[in-house]
Amino acid sequence: MIGLCCATSALALAAAPGARAFEVVAADSRVGYAIAHTLHDVRGESRAVEGRLLLLPDGKAQAMVRIPAASFRSGDANRDAHLMEVIEGATYPHVVLKAVGPASLPERGVAALTLKAQLEFHGQKRELTVPVEVGPLPDGRWRVSSRFTISLDAFAVERPSLMFVKLPDETVIRVELVLREVPG
């Protein structure tokens, strides 16, 4: 995954000649999680999403999205505080997704893409494949959507219990981003 780290570190640098740069519009974007427990489904989301996307002239995309761990809200302040304890949010304050792969922006409709990604969560970095859908919005911006599942055990998260039943290992991640092009 050395290529992924090098490719996404280029996001911090000026875009290569001919590249198109985009940024996440935080006000219109969100990342959420869902855990289906036997007794109660747990859902939360964050709207404090930041990120960038580069479309390179060779047809490849490089993306990075970062979310403060403390920004996820489930509608229950006690649950959110406990979540921060479980994921050690003070020690690992951000969730970061870096992705690379072939990409193009469709003139209309939705394009389905598959990107190689690295998710950094709870101090752990894991590689995964992320399905992505990209489509234009009427105002010239772009919508990027994804839904994938992660294992809490793979990220060394000690799963809490609810009524003596541990939360399941699988967590569904939903990503809904709106991107706007940054003038080069």
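Per-structure values
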quantity: Residue check, ALA15 at pLDDT 70 or above and out of contact with any His (no Cβ under 8 Å at 6 or more places or on another chain); calculated: no
quantity: Scan of segment 61-74 for residues that are in a helix (DSSP H, G or I) and hydroxyl-bearing (Ser, Thr, Tyr), ordered by number; calculated: SER71
quantity: Cβ pairs under 9 Å, 6+ apart, first in segment 125-144 and under 13 Å from LEU113 (Cβ atoms), second basic (Lys, Arg) and modelled with pLDDT of 95 or more; calculated: THR129/LYS116; VAL130/LYS116; PRO131/ARG147; GLU133/ARG143; VAL134/ARG143; GLY135/ARG143; TRP142/ARG180
quantity: In segment 153-184, residue most open to solvent (accessible area, probe 1.4 Å) [restricted to those that are in a strand (DSSP E or B) and over 24 Å from HIS40 (Cβ atoms)]; calculated: ARG180
quantity: Any hit, segment 80-96, residues being of a type outside the set (Val, Ile, Thr) and assigned to a strand (DSSP E or B); calculated: yes
quantity: Criterion (within 21 Å of LEU55 (Cα to Cα) and of a type in the set (D, E, K, R)) met by exactly one of LYS125, LYS116; calculated: LYS116
quantity: Test for LYS125: is it touching a helix residue (DSSP H, G or I) at 6+ places or on another chain (Cβ under 8 Å), among the basic types (Lys, Arg) and either farther than 12 Å from ALA69 by Cα or open to solvent by 30 Å² or more (accessible area, probe 1.4 Å) (or both); calculated: no
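Yes or no, residue by residue, for (1) at pLDDT 95 or above; (2) within 21 Å of ALA26 (Cβ to Cβ); (3) assigned to a strand (DSSP E or B):
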residue: SER104; (1), (2), (3): no, no, no
residue: LYS116; (1), (2), (3): yes, no, yes
residue: LEU119; (1), (2), (3): yes, yes, yes
residue: ARG126; (1), (2), (3): yes, no, yes
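The values are calculated or read from the model by the stated rules, or taken from the named source; none is laboratory data. For clarity, every value in this text was computed on a predicted model and none was experimentally measured. Backbone-built Cβ (ideal geometry, glycine too); neighbour counts: all protein chains shown. Side chains are part of the model used for accessible areas, which takes the heavy atoms of the whole protein and leaves out ligands, DNA and RNA. Shrake-Rupley method; radii C 1.70, N 1.55, O 1.52, S 1.80 Å.
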